[in-house]
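The values are calculated or read from the model by the stated rules, or taken from the named source; none is laboratory data. Keep in mind it's a predicted model, so treat the numbers as computed, not measured. With ideal geometry, Cβ positions are generated from the backbone for all residues, glycine too; neighbour counts draw on all protein chains shown.
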Amino acid sequence: LTTAIRSLVAMPPRAVDLAGLFPDAGMHRAAFAMAEVECVEDTKVVFALGSDDGFALWVNGQNIETQDRSRPFAERESLIPATLRKGQNKILLRINQNSGPWMFDLQIDAQDNWPAQLTWIAYTENQ
């Protein structure tokens with residue numbers, strides 16, 4: 001079992017090309033991307049997510065949305081409401097790969113000082 005780790009910065013609306021980051025990952029795999037967002041107060045947001053293929057999204061350890069299905073990439077396809085708490089918020093995203101392109105884009109919509117720039121740490125495991 002090996003783990004490949006890549007660090008990247010994605011600024012909206014640029015999609016992260018996971019197939020380019022992990023060209024040897026193959027099909028029927030998943031990659032994980034992690035980011036942190038700091039808020040000065042509790043903040044209601046909408047995560048605007050596009051992915052190819054399915055995904056699961058966790059905020060501060062709590063799963064807030066899962067879609068296990070094949071789908072082509074479309075920017076902002078899934079709109080997921082959430083509340084980010086005051087201080088550091090950990091975002092974890094799993095993106096499934098069935099076949100073909102493999103990518104995601106996550107934007108955070110809120111009233112003030114958004115969308116945020118996210119620095120992602122992405123990894124996948126190969127067997």
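Of note:
- Residues that are surrounded by 15 or more Cβ atoms within 10 Å (Cβ to Cβ) and either among the polar types (S, T, N, Q) or in a strand (DSSP E or B) (or both) within the range 61-83 comprise I64, E65, Q67, S78, I80, A82, listed in sequence order.
- Taken residue by residue, the range 34-47 has at least one member that is within 18 Å of R69 (Cβ to Cβ) and either outside any strand (DSSP E or B) or at pLDDT 85 or above (or both).
- Only listed residue being out of contact with any helix residue (DSSP H, G or I) (no Cβ under 9 Å at 6 or more places or on another chain) and either among the aromatic types (F, W, Y) or without any contact (Cβ under 8 Å) to a residue 24 or more places away in the chain (or both), chosen from E65, E77: E65
- Selection status of L118, modelled with pLDDT under 90 and farther than 13 Å from A30 by Cβ: yes
- Filter result for the condition that a residue is farther than 19 Å from T83 by Cβ and free of Cβ contacts under 8 Å to residues at least 24 places away in the same chain, over G20, G50: G20
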